[in-house]
1. Hey, any idea what % of the chain's accessible area is carbon plus sulfur with a 1.4 Å probe?
2. Just list whichever of Lys84/Lys206; Lys115/Lys143; Lys70/Lys143 have alpha carbons separated by over 26 Å in the model shown.
3. With unit charges on the beta carbons (Lys and Arg positive, Asp and Glu negative) and the dipole taken about the Cα centre of the chain, which residue among Pro172, Thr157, Leu5 sits farthest to the positive side?
4. Gaussian network model of the chain, Cα springs within a sub-10 Å range: biggest mean-square fluctuation belongs to which of Leu192, Leu125, Leu53?
5. For the chain, modelled as a Gaussian network with Cα springs under 10 Å, which listed residue fluctuates most, Glu105, Glu221, Glu175?
6. Between Asn93, Asn228, Asn248, find the one with the highest GNM mean-square fluctuation for the chain; connect C-alpha pairs within less than 10 Å.
7. Could you give the dipole magnitude of region 2-63 about its Cα centre, charging the beta-carbon of Lys and Arg +1 and that of Asp and Glu -1, in debye to the nearest 20?
8. For region 79-132 and region 208-240, write down the distance between their C-alpha centroids in whole Å.
Amino acid sequence: MIAVLKLGTTEKQIESLRQWIESQGLKVHLSKGEFQTIIGLVGDTSKIDEELLGSLDIVESVKRISEPFKSANRKFHPDDTIVKVGDTSVGGNIFSVMAGPCSVESEEQVIEIAKAVKAAGATMLRGGAFKPRTSPYDFQGLKAEGIEYLIEAKKETGLPIVTEIMNAAHLPLFEEVDVIQVGARNMQNFELLKELGRIQKPILLKRGLCATVKEWLMSAEYIMAGGNENVILCERGIRSFDSQYTRNVLDLSVVPVLHELTHLPVIVDPSHATGSARLVKPMALAAAACGADGLMIEVHNDPKNALCDGAQSLTPEQFSDVMGSVRHIIGK
Ligand code: PEP
Ligand code: MN
């Protein structure tokens, strides 16, 4: 349920309404936009008398929100959420590009790639330290050591770093990580999501392999319900019946759909979506054209010898070419 407040409502009046709502056992989500203040009521609103709330002096209108996702809902928060990440941010008018290797392989490798992607215009460095691999016999990542190398690359380049978490027990290792990624395979690891709701660091939530939009938003809701509203959504392709020529199906239609449903920023990962380096550029451009707030792209200095996802990794030169064309699309 949301209550749109009248223009000119004072802080004191908002506070007293908040206390009343909380005394009814509900949580309050306050959204102060340029023109409107909206109070979201989260929890079991069946005991709230809609007419009583609507009759209050400061309330302009009351609406029930039928969708099960509340905090993530644009009705709760009409303005776009801008997630601050170091000196940059994700969402709003900024186009973010997170680029780097699938896995951190060595300190030299990640620093070399970081410098190259920065020179090409990336706004953040990505790199996996804990890798979710389908086979237990494949390279599992450098783990804590990988995070140390990312931190070194951040010191060298100033780029904020994005890396995946697989277990909440590893959180102490993520102190200096700027954006914590929840990979597709963990999108519905609810215990992990709850833990990430207890911190304030930005969370990049990738869409699960077979997740519906509603399931994905409910996972964002798990993080937000704990108090962490810094969530970035990332479309990375979904499973379908034909994986012969593309690894997944890149569902670009979710970009405008999500912009309608939620205020959270939405980025697109054409690397995992297609699985093929030559498909990354056209899909990156399509993502920029349909309104994505940014991209995640895998870049490797030596794709042929990459320990993971070499086939979909761009060389720094190819990445630079993609960035040039992306700039044309976004007009920057
Ligand atoms: C990744 O970004 O390295 C990754 C494993 O992605 P996904 O969870 O989308 O497969
Ligand atoms: Mn990868």
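The values are calculated or read from the model by the stated rules, or taken from the named source; none is laboratory data. The structure presented is a predicted model; accordingly, all values stated were derived computationally and were not measured. All Cβ positions, glycine included, derive from the backbone under ideal geometry; neighbour counts span all protein chains shown. Protein only, heavy atoms only, side chains kept; ligands, DNA and RNA dropped before computing areas. Shrake-Rupley method; radii C 1.70, N 1.55, O 1.52, S 1.80 Å.
1. Here it works out to 51 percent.
2. Lys70/Lys143
3. Leu5
4. Judging by the Gaussian network model, the answer is Leu53.
5. Judging by the Gaussian network model, the answer is Glu175.
6. Fluctuation is largest for Asn93.
7. 140
8. 20
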